[in-house]
1. So how long is each side of segment B:17-108 along the principal axes, counting just the alpha-carbon atoms, biggest first, in Å?
2. Full-extension gain between A:Met1 and A:Ala19, please, as 0.36 nm times their residue separation minus the C-alpha to C-alpha distance.
3. Suppose R0 equals 45 Å; then what is the FRET efficiency for A:Ser48 and B:Gln82 from their Cβ-Cβ distance, rounded to the nearest 0.05?
4. For A:Arg227, which sequence-distant residues (separation of 5 or more, or a different chain) have an amide H within less than 5 Å of its own amide H, given hydrogens modelled in the peptide plane?
5. With a Förster radius of 41 Å, plug the Cβ-Cβ distance of A:Thr173 and A:Glu57 into 1/(1 + (r/R0)^6) and report the FRET value to the nearest 0.05.
6. Suppose R0 equals 35 Å; then what is the FRET efficiency for A:Val190 and B:Asn95 from their Cβ-Cβ distance, rounded to the nearest 0.05?
7. Multiply the residue separation of B:Glu37 and B:Glu153 by 0.36 nm, subtract the distance between their alpha-carbon atoms, and state the gained length in nm to one decimal.
Amino acid sequence: MSCDHVQQQISALIDRRIADGERENVRAHIESCSACQAQWESALSLRSALRGMAQTEVPASLAAKLRVLASHERVRQLSRVSLPARLRNFTAYAGLCFDNLMRPVALPFAGGVLSALLAFGLLVPTLSFPHNFVGGPTFFVEPAGSTVDLAGQTSEKINILAPRIQPVNSPYTGYTNVVDLTIDENGKVVDWTVVSGRLTEELNNLIVLSRFIPATTFGLPTSGKIRAVQGPIIVGPSYSFTVRS
Amino acid sequence: MATSILDLGSERAAESAEADDLGLVEALREGSERAYEELLDRFQQPAYALALRLLNDQSEASDVVQEVFLKVFRSIGNFRGQSSLKTWIYRITVNEAHNARRWFFRHRRQEVDLDTDPEDTRDWKENIADGGRSPFDVAFSGEQHVMIERALERINPIFREAVVLRDITDLSYEEIAEILSVSLGTVKSRILRGRDALREELQGSLRARPALRLVPKTAE
Ligand SMILES: [Zn+2]
């Protein structure tokens, strides 16, 4: 058996893609020939080095995007499945309905100033801590009021790391990290852009975990954009809001 | 005797994996939240590792993986279980990687005779087997992973793909044949040539950079 032939078989030997009789012959040659032995060992160490490369970690930003994608696609799928199938999957579906009641508001792209203010008015008090605005406009609170579950943010204390929500066209800048979120008609975050700073873990959690009440145009849910900010609190005259639930 | 028992065992494992797949697919169709999570848990990491090694670019690999899962979620209704969920998803990943810009340019740059019998193209091998001991006799440390990455990038993408599917994604020859739509013989030949090319690249870079401290096998 020639060295050439044996070295040709090494790849197949590693993968156990070699006939039994042939395998014994190739093995015997490798054990008795230092050149082929060296080739065999280098092939083995290459294989194990490559196997080690399988452990590559998924970047956090990709993982977050995939979760958003999955939750968006799931809602899309739910809207298409039959009623019996939906009932079989009742728990998940009930959870979804419940989530729908517990969302902050997304501002419509083109809903006019008044509706934007209304939506913003709905949004701001639900954050459960005082919000300060310089020369801010008057906000209206929807008579029915609403509660909100903003990625588990219910603390009364102002946490410097806690992301806050404001309109995309808000004049208040100076935050360290600013991310614009696109909310679809189901209240899901479908896309985002880092306007400044970076996507921190807190903002990432906001994107992945928060559900939003979609903005409405003429009573119909529509997609919209909101801005999530994180960083120093912008100081100005304080406005207080009534939160009803 | 021993092999037949082994075969039976692996056949059973394959059958139960198939049943798991179909259960997961059914739950996805019904919009179960847990099913969506499970699919990501099972496949986002290996799909990313595969795309990254095919394209050697993190942001392009991320884009590819997002496209892959969008396609998977949208076309789960068409999945009939004629292939396993695993090969189906990796096949989509490979196809999406082929569509990526980076792949296209690399591929064009390296037009060679792809599936000719490796026995015919042995001329360069003479350079490798110089003497009994190959300069490649090293144990790979973390630092040397960078070298392998570079070597992978330099070899023909058609061969790289076969090696990556085999050695990194850890698929069988049959699964690779299905994913690439080629014969088993072609899979075998591409893996062999890919590994040889990789070893040649690595030996080249070891010779070119003697300053790199390598751990000899014997020192282990
Ligand atoms: Zn030999």
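Values in this text are rule-based calculations from the coordinates and carry no lab data. It should be emphasised that the depicted structure is a prediction, and the values quoted were computed from it without experimental measurement. Quick reminder, even Gly has a Cβ in these numbers, built from the backbone with ideal geometry, and neighbours come from all protein chains shown.
1. 41, 24, 21
2. Values: separation 18, 0.36 × 18 = 6.48 nm, distance 1.54 nm.
Here the segment from A:Met1 to A:Ala19 would lengthen by 4.9 nm.
3. Working: r = 34 Å, r/R0 = 0.75.
It comes out at approximately 0.85.
4. Sorted by chain and number, the residues that satisfy this are A:Gln166, A:Val168, A:Leu181.
5. Details: r = 34 Å, r/R0 = 0.83.
For R0 = 41 Å, the calculated efficiency reads 0.75.
6. Details: r = 24 Å, r/R0 = 0.69.
With R0 = 35 Å, the Cβ-Cβ based efficiency is 0.90.
7. Numbers: separation 116, 0.36 × 116 = 41.76 nm, distance 3.24 nm.
Fully extending the segment from B:Glu37 to B:Glu153 adds 38.5 nm.
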